[in-house]
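Remarks on the structure that follows.
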Amino acid sequence: MNKDIVIFSDIDGTLVSFTSHRIPVSAVEALTEAKRRGHRFYISTGRPPQFINNLQQIEHLIDGYLTTNGAYCYIGQEIVNCRYISEEDLQAIVEASDEMNFSVVIAGERDIVVYNNNSLVYEIYQKGLHVPMDTYSQDLQLLKGQRILQISPFITVEEEKKVMPRLKHCMSNRWHPQFTDITVEGVDKSVGFQAMTSRLGIDPSRTFAIGDGGNDIPLLRAAGTGIAMGNADETTKESADFVTAHVDDDGFAKALRHFGLSQ
């Protein structure tokens with residue numbers, strides 16, 4: 001296979017196991033081989049950069065990052081895409097948080113604020129995703145002067161239906177039943193993907209995308225070949241060209257081998 005292949009991969013449930021919170025050895029080996037063959041590798045995640053804390057095993061293999069569901073993408077020190085939420089919509093989510101008593105994680109360019117913090121944030125982020133939450137401020141003033149990349153309210157699907165109409169220029173990228181990632185309207189992983197492939201001068205037909213969540217669906221559809229993990233939900237699987245095994249059954253490595261990207 002030619003060397004001008006680019007692989008985009010989600011993190012949680014795709015590269016990193018929800019059970020062990022580590023990247024399976026098989027995935028590290030397969031990715032190492034793919035890189036040896038000259039293929040490029042980019043992360044595609046809903047996590048803001050400040051929350052990307054579980055890729056130490058492969059950091060040396062990563063060529064760039066598509067973060068916050070496509071709102072903030074970068075290669076080294078170069079920012080390829082930055083789309084941010086308006087002050088008006090930020091204020092609207094803060095007011096909704098006060099009225100409905102839910103927590104919201106707000107990701108600025110440099111800092112994270114956990115507004116109206118409660119135990120649910122700890123249970124899901126710290127225990128479920130291994131993101132330490134006790135170090136983040138609850139003071140919105142910390143974000144003053146920063147562009148807001150993403151807001152993640154801890155609300156149900158039914159609550160989301162009440163909250164989203166209050167945000168005039170935003171969209172939801174849900175991948176978890178207990179919270180959703182909100183970006184500026186029109187931004188999802190496919191938008192970040194388009195910005196990255198344009199910057200790289202790569203034909204999208206030469207790309208592979210791997211994911212497991214609902215927020216991966218736009219990317220799986222935009223890439224030349226979309227691959228869903230075996231642990232993905234049915235809607236995500238139906239959006240893919242190929243379904244590999246579960247993340248804990250070497251699904252990432254099996255996908256790369258299936259398409260001849262590794263051995």
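Quick look at the numbers
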| read-out | value |
| --- | --- |
| Length gained when the stretch residue 258-residue 169 is fully extended (0.36 nm per residue, less Cα-Cα span) | 28.0 nm |
| Local electrostatic count at residue 168 - Lys and Arg +1, Asp and Glu -1, tallied over other residues with Cβ under 10 Å | -2 |
| Options (i) -0.76, -1.16; (ii) -0.57, -1.32; (iii) -0.56, -1.54 - which one matches log10 I(q)/I(0) by the Debye sum over Cα atoms at q = 0.11, 0.17 Å⁻¹ as calculated here | (ii) |
| Reachable aspartates and glutamates from residue 168, criterion Cα separation under 19 angstrom, eight or more residues apart if same chain | 87, 88, 89, 95, 98, 99, 158, 159, 160, 181, 185, 188 |
| Cα-derived Rg to Rh of segment 207-263, Kirkwood definition | 0.94 |
| Surface accessible to a 1.4 Å probe, per residue, for the residues of the chain, Å² | 42 Å² |
| Whole-percent carbon and sulfur share, accessible surface of segment 19-62, 1.4 Å | 50 percent |
| Inter-probe distance in nm under a simple model that places probes 7 Å from Cα toward Cβ, at residue 198 and residue 22 | 4.1 nm |
| Those residues of segment 49-86 whose amide nitrogen sits under 17 Å from the label point placed on residue 135, 7 Å along Cα→Cβ | 49-57 |
| Accessible surface of segment 176-248 [probe 1.4 Å, protein heavy atoms]: carbon and sulfur percent | 43 percent |
| Added length on full extension, which subtracts the Cα-Cα distance from 0.36 nm per residue, residue 86 to residue 4 | 25.8 nm |
| Globularity ratio of segment 141-263, using Cα Rg and 2.2 N^0.38 Å | 1.21 |
| Length gained when the stretch residue 249-residue 205 is fully extended (0.36 nm per residue, less Cα-Cα span) | 13.1 nm |
| Longest site-free stretch - the chain; sites: trypsin sites (Lys or Arg not before Pro), DSSP loop, at most 13 other Cβ within 10 Å | 4-109 |
| Relative contact order, percent, the chain [alpha-carbon distance under 8 Å, six or more residues apart] | 22 percent |
| Using a Förster distance of 51 Å, the FRET efficiency for residue 144-residue 238 (Cβ separation, nearest 0.05) | 0.70 |
| Cβ-derived FRET efficiency at R0 51 Å, residue 63 paired with residue 119, nearest 0.05 | 0.85 |
| Rg/Rh (Cα only; Kirkwood hydrodynamic radius) as it applies to segment 65-168 | 0.96 |
| DSSP bridge pairs, the chain: antiparallel proportion in percent, nearest 5 | 55 percent |
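The values are calculated or read from the model by the stated rules, or taken from the named source; none is laboratory data. Please read all numbers here as calculations on a predicted model, not as lab measurements. We place every Cβ from the backbone using ideal geometry, glycine too, and count neighbours over all the protein chains shown. Accessible surface areas use protein heavy atoms only, side chains included; no ligands, DNA or RNA. Shrake-Rupley method; radii C 1.70, N 1.55, O 1.52, S 1.80 Å.
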